Amino acid sequence: MKEIIIGCGVMGSGLAQNLIKKGHSVTIIDNNPDSFKLLGENFKGKMIVGVGFDKDVLTEAGISFVDAVIACSNSDEANALIGRISKNIYKVPRVIARLHDPRKAEIYRTLGIQTISTAAWGIQRATDLLSYNQLDSVLTIGNSSVELVRIETPVLLVGRTVSEITSIGEFQVVAISRANKTFLPTWGTIFEKHDVIFISVVASSASRLKTLLGLDQKWRKNI
């Protein structure tokens, strides 16, 4: 894929490096040439000094031929303007704008611009982390008879295997997130401290699962 990233700050430079590693063709734009130092000496993408919504700069970046534009400068207004130009004038298939103010996100979504908010993400992430010490419902399936829940590895599970908390027809581990990577475990996968475990569970078996995980209050009082 070919992408244009506008804004070579922490987010823009990090995104550019990740996309390059995945084999994408990346052009990054910033009006401050010193900002490109964040990319490192071995960056293989194209760097352009200029204003991200300038027609000549966008033409030089090849905006008519890219698959996506990501506007992540320090200005919400500039990012929104870049998003609208990319979407409405150049018909770029995918346009993403980073917004510091999450309250503006819905307005820009109505214009066909995907938005991401570091503030909103941070709030949700903190909420998630504070919820992982108990079973946190992620998804309810059907008529609430099955749920997908998540939890950070309880002390009782560290060093044990997936098979030890699998009960066919009741609950089973479907994924594990570890060190910012999510994978599908085998029955022999060993739980590690700070893993985030995703478990599908039948509603009628939720209490049994809590007991097995050491979350049952009565069970804990007796140990």
Name the residues in the range 145-173 that are aliphatic (A, V, I, L, M) and either open to solvent by 50 Å² or more (accessible area, probe 1.4 Å) or assigned to a loop (DSSP other than H, G, I, E, B) (or both), would you?
155, 156, 158, 168
Might you check whether a residue that is basic (Lys, Arg), touching a residue at least 40 places away in the same chain (Cβ under 8 Å) and out of contact with any Lys or Arg (no Cβ under 7 Å at 6 or more places or on another chain) occurs anywhere in the range 138-157?
yes
From 68, 80, which residue is modelled with pLDDT under 95, open to solvent by less than 10 Å² (accessible area, probe 1.4 Å) and either of a type in the set (S, T, N, Q) or over 20 Å from residue 101 (Cα atoms) (or both)?
68
Scanning for something closer than 22 Å to residue 114 by Cα and not charged (D, E, K, R), does the range 34-52 turn up at least one residue?
yes
I'd like to know if the range 40-54 contains one or more residues that are part of a helix (DSSP H, G or I) and either open to solvent by less than 40 Å² (accessible area, probe 1.4 Å) or in the same structural domain as residue 114 (by the TED database) (or both).
no
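The values are calculated or read from the model by the stated rules, or taken from the named source; none is laboratory data. In this text, all values refer to a predicted model and were calculated from it rather than measured experimentally. Note that we place each Cβ from the backbone using ideal geometry, even for glycine, and neighbour counts take in every protein chain shown. Protein only, heavy atoms only, side chains kept; ligands, DNA and RNA dropped before computing areas. Shrake-Rupley method; radii C 1.70, N 1.55, O 1.52, S 1.80 Å.
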